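Heads up: the structure comes next, in structure tokens.
The values are calculated or read from the model by the stated rules, or taken from the named source; none is laboratory data. A quick note: this is a predicted structure, and the numbers were derived from the prediction, not measured. A quick note on method: Cβ atoms are made from the backbone with ideal geometry, for glycine too, and the neighbour counts reach across all protein chains shown.
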Amino acid sequence: MKVLRWQIVIALLVTFPMAATAQPDVGDVLIRNGTLLTVTNGTLENTDLLIRKGKITAIGKNLTAPEGCRVIDATGLFVMPGIIDAHSHIALEAINEMSSPLTPEVRMRDALNPLDISIYRALAGGVTTIQTLHGSANAIGGQSVVMKLRYGTLNPTELIFEGAPRGIKFALGENPTRVHGAGHNMVPRTRMGVEFVIRSALTEAREYQKKWDEYNEQKMKRGFRGAPPEYDDRLETLAEILRGNIIVHCHSYRADEIVMIMKVCRDFGIKKLVLQHANEGFKVAPEIAAFGAMASVFSDAWAYKFEVYYSTAYNAAILTRNGVLTSINSDDPGVIRHLYHEASKTLKYGGLSRDEALALITINPAKQLGIDNRVGSLEVGKDGDVAIFRGHPLSIYTVPVMTIVDGIVRFDREKDPDDMRIYVDPEERFDQSGFEVPEGYHDCLGTATETFHQLFESH
Amino acid sequence: MNRFVLLVNAFLLLFVMPGEAQVPKGSYGPVALVGATAHTITDGIIENCTIILRDGKIEAIGSNVSAPADVRVIDCKGLHVYPGFIDGGTRLGLTEIGSEPRTLDYNEVGNVVPQMRALTAVNPNSALIPVTRVNGVTTVLAAPSGGMLSGTAALINLHGYTPDQMYAGFEGVVLTFPSTSREGPNDKRKPEEISKAAAKAMKKLNEVWQKAIEYNKLDSALGDNKPDYYPELIALQPVIQGTMPLIIEVNGAGDILSALEWVREKEIARVILSGVREGWRVAGKIAEAGIPVITGKVLTLPDRAYDRYDRAYANPGLMRKAGVTVALRTNEAYNVRNLPYNAGVAAAHGLGKEEALRAITIVPAQIFGVADRLGSLETGKDATLFVCDGDPLEPATNIKYLFIKGWDIPLVSRQTLLYDEFLHREPGLQTHD
């Protein structure tokens, strides 16, 4: 018995560090003779792209394939950087911790589900990297995860984008006021309350941070005998925001609340702010540009609730023309599969150039997530994350044919079988069809009225 | 600046005044579209075509037609003309803001309420209407939903100041066929519970139908002595008598087969299947039944976790290949404007461009029995069409002119007005001390 116990201990000692530092699989691939949409360096016709050990090592004509390297003939095809979605909720077991208007201590990485078929379906739309976020029920929600769509792994840790900066969800307007004010009869019930909740939390965090700074300074001094302040996960997370170590992704719609959150951030010295949705961002685009905040918006979603009634599909173009770094996101497991189409709408609504439109779903979201040194464009040294299309990706007739993550083909339209589930639910009936997600249903909170009723029923 | 320019500017300002709720009105009068490439849908493509619009109709169309002296000439060289697009299933006009129940008029209380008429509640001043039509969608089916027999849908043109002015000549009773599928992401019922609910709904439907048949017999037997007032049975009479189609909303493969069987059993003369998301699974059976289908939206997820990721995109093409008559819909309200893109994605996934265009023009017009007025560019049809600078299914294409029953509609919506106002906002950034 004793021997067995030792064996377990040894087994744990051996395997645990391996699991903690799990290295994702990487591959070699030569993509030959494609039309490269590099995003940062224009379009390169009849050009090869070589990926070795998961990194782009060469872009040029007539590259030779190293021995054993897979070669993909991309003649007549379009090759672009893997698409990045700055706002998603796929691959999660849970989205909203609604028990309090403040839950910064919650981590989405604890709820990752690598078996979610949505990951594969997103790959089938050319997506390689996403930020999967906490929902918008709380003024300050949980911490998000930036992940690569390494569909096939059973280990949630392997999905995580190594070294990506931390992010957190804030939420303003109708969702937090509905959930907490209308639903729980507590602050915030109004946009006034939302500001107050955020300001008071950050004020408390500033005090907390001060105590720790003082302690850390004092403890170095000879003869110091004091005890450290009590550790608080919630306040520690907020303090990390104040220190600039966590990017704030703020769900916001109306012009006034966008101005409000920028004032709050200014007062607390918070500089890393990405406005999520920002349907009325276009109304205060000069203010957003002056602050240096960025915006991640829908292509054309509107009118599913009052705070998006005065929206316009020209939002992305107006923001871009006013100097705001803008991305287009999905917030939806269906839309994530055609972000290239969502971006193409900006050709019509505001007349963005093709490179500008492609940037909305590649380099711009990469910048918003702080990972543009790794992904978002076809450049030597960047990750081997590539999407290949038959037809220009901004044409309605385009079809994604292959998606590559770290040099590994994770989606192949020609070869993949229909059923790409990793896990089969034994309870699921094979003959039962599912459902259509109702219009205006956004995973953030479920904005269709039916979903609202169900939301409150569960409370 | 001379006085005339000032006057013109003042006039233009009227259109872009902040807070202006409505868009500028249309204008009417004979027009010649000259030198266009006309995509007639029913008679091929006519290059260097002239189209004369007069009294709300297409008076003449052809490459040998010349513009009469009394008409306004619009130079369409390098441009393309298409018939207005028709969306075969929406809630447009019946909803304004999704989360605000007081603005929703598509879902009346009651499970059997076919007497609820969509046309009654269509709001001609909905902000959604101009947003939709400036993308070339000129005609939509406004359909109630929610219950089993949730009301009577109406085909409307997206221009007019009363519902009657908008009415495009078709009404149909909507039946949501008892479903054995899950209803939404939060439908956590056990399979047995779902089957049980469906069986109960089926029993109810059969009871209602039997009553409607008996009412019809009674009604014709009694002649002038009308039977008692049963509004829901009265509303079903045109369907029983075969003068109005029954639009059956059905999606799961098994449910589609049940619906086909039910239609056969009840000997319902005119039927349209709507939704039909799993039509590809039973396409042969639908084709055999000879029942037309309005399917969509296309840009959506497959129904089952084990289905190929692009099944919804491919569904229209797979059904068409099996011989089904296929029209498209968005099943939306806020973004009915995306109908052309749904058609484009269906085209790329097996439907083909030509069939995709037909599925949003002549095919829905035929299904709704209004092909004498809508769905193609032909002499004598309504002047409901648009002029654009490229392929209208491509997002990069812009629409240049839009006509609905001869009315020249300004390409302005609240969304374009907001663009005009905010692209270069004034005052811009103001800094305070």
Task: Among the candidates B:Ala198, B:Ala259, residue that is within 19 Å of A:Gln432 (Cβ to Cβ), at pLDDT below 95 and either surrounded by 15 or more Cβ atoms within 10 Å (Cβ to Cβ) or over 31 Å from the mean Cα position of the chain (by Cα) (or both) - done: B:Ala198
- [ ] Check region B:257-264 and report whether any residue there is farther than 26 Å from B:Thr361 by Cα, within 14 Å of chain A (Cβ to nearest Cβ) and of a type in the set (S, T, N, Q).
- [x] yes
Task: Condition check for B:Gly290: farther than 28 Å from B:Leu104 by Cβ, in contact (Cβ under 8 Å) with a residue 40 or more places away in the chain and small (Gly, Ala, Ser) - done: no
Task: Inter-residue pairs, beta-carbon under 7 Å, first buried (at least 24 other Cβ atoms within 10 Å of the Cβ) and in region A:300-317, second part of a helix (DSSP H, G or I) and small (Gly, Ala, Ser), 6+ apart - done: A:Asn315/A:Gly281
TODO: Name every residue in region A:145-158 that is in contact with a helix residue (DSSP H, G or I) (Cβ under 8 Å, 6 or more places away or on another chain) and among the hydrophobic types (A, V, I, L, M, F, W, C), in order of residue number.
DONE: A:Val145, A:Met147, A:Leu149
Task: Selection status of B:Lys204, under 31 Å from the mean Cα position of the chain (by Cα) and basic (Lys, Arg) - done: yes
Task: Residue selected from region A:104-123 under the condition in contact (Cβ under 8 Å) with a residue 60 or more places away in the chain and out of contact with any Phe, Trp or Tyr (no Cβ under 6 Å at 6 or more places or on another chain), by the criterion surrounded by the fewest Cβ atoms within 10 Å (Cβ to Cβ) - done: A:Glu105
- [ ] Name the one entry in B:Ala314, B:Ala327 that is part of a strand (DSSP E or B) and either more than 9 Å from every other protein chain (Cβ to nearest Cβ) or at pLDDT below 95 (or both).
- [x] B:Ala327
- [ ] Hey, can you tell me all the residues within region A:333-349 that are under 15 Å from A:Gly126 (Cα atoms), more than 8 Å from chain B (Cβ to nearest Cβ) and not hydrophobic (A, V, I, L, M, F, W, C)?
- [x] A:Tyr340, A:Glu342
Open item on the list: Pull out all pairs, ordered by first then second residue, where Cβ-Cβ is under 7 Å, the residues are six or more apart or on different chains, the first lies in region B:421-433 and is surrounded by 12 or more Cβ atoms within 10 Å (Cβ to Cβ), and the second is modelled with pLDDT under 95.
Closed with: B:Glu421/B:Val16; B:Glu421/B:Pro18
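Conditions tested, residue by residue: (1) closer than 27 Å to A:Gly244 by Cβ; (2) of a type outside the set (Gly, Ala, Ser).
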{"position": "A:Gln276", "(1), (2)": "yes, yes"}
{"position": "A:Phe282", "(1), (2)": "no, yes"}
{"position": "A:Ala301", "(1), (2)": "no, no"}
{"position": "A:Arg321", "(1), (2)": "no, yes"}
{"position": "A:Asn329", "(1), (2)": "yes, yes"}
{"position": "A:Pro333", "(1), (2)": "no, yes"}
Task: Top-ranked residue of region B:289-311 - restricted to ones that are closer than 27 Å to A:Trp302 by Cβ and of a type in the set (Asp, Glu), ranked as modelled with the highest pLDDT - done: B:Asp310
TODO: Mind listing whichever residues of region A:259-269 are touching a residue at least 60 places away in the same chain (Cβ under 8 Å) and in contact with a strand residue (DSSP E or B) (Cβ under 9 Å, 6 or more places away or on another chain)?
DONE: A:Met260, A:Ile261
Open item on the list: As an exercise: evaluate B:Ile286 against (1) among the β-branched types (Val, Ile, Thr); (2) buried (at least 24 other Cβ atoms within 10 Å of the Cβ); (3) within 23 Å of B:Arg182 (Cβ to Cβ); (4) within 12 Å of another protein chain (Cβ to nearest Cβ) and give the number of the one condition it does not meet.
Closed with: (4)
Open item on the list: Anything in region B:30-73 that is assigned to a loop (DSSP other than H, G, I, E, B) and in contact with an Asp or Glu (Cβ under 8 Å, 6 or more places away or on another chain)? List them, or say none.
Closed with: B:Pro30, B:Thr40, B:Thr42, B:Asp43, B:Gly56, B:Ser63
TODO: Scan region B:293-316 for residues that are touching a strand residue (DSSP E or B) at 6+ places or on another chain (Cβ under 6 Å) and touching a residue at least 40 places away in the same chain (Cβ under 8 Å) and report the count.
DONE: 3
Task: Matching entry among A:Leu319, A:Leu352 (being more than 9 Å from chain B (Cβ to nearest Cβ) and not in a helix (DSSP H, G or I)) - done: A:Leu352
- [ ] Looking only at region A:88-102, decide whether some residue is over 23 Å from A:Val401 (Cα atoms), buried (at least 24 other Cβ atoms within 10 Å of the Cβ) and in contact with an Asp or Glu (Cβ under 9 Å, 6 or more places away or on another chain).
- [x] yes
TODO: Give region B:340-385 a look and list any residue that's within 14 Å of chain A (Cβ to nearest Cβ) and among the basic types (Lys, Arg), or say none.
DONE: B:Lys353
Task: From the options A:Ser395, A:Ser377, residue that is within 14 Å of chain B (Cβ to nearest Cβ), outside any helix (DSSP H, G or I) and among the small types (Gly, Ala, Ser) - done: A:Ser395
Open item on the list: Filter region A:183-222 down to the residues that are touching a residue at least 12 places away in the same chain (Cβ under 8 Å) and exposed (fewer than 13 other Cβ atoms within 10 Å of the Cβ) and list them by number.
Closed with: A:Thr190
Open item on the list: Out of everything in region A:234-291 that is on the phi > 0 side of the Ramachandran plot and surrounded by 19 or more Cβ atoms within 10 Å (Cβ to Cβ), what residue ends up being farthest from the other protein chains (Cβ to nearest Cβ)?
Closed with: A:His277
Open item on the list: Filter region B:398-433 down to the residues that are under 21 Å from the mean Cα position of the chain (by Cα) and of a type in the set (S, T, N, Q) and list them by number.
Closed with: B:Asn398, B:Ser413, B:Gln415
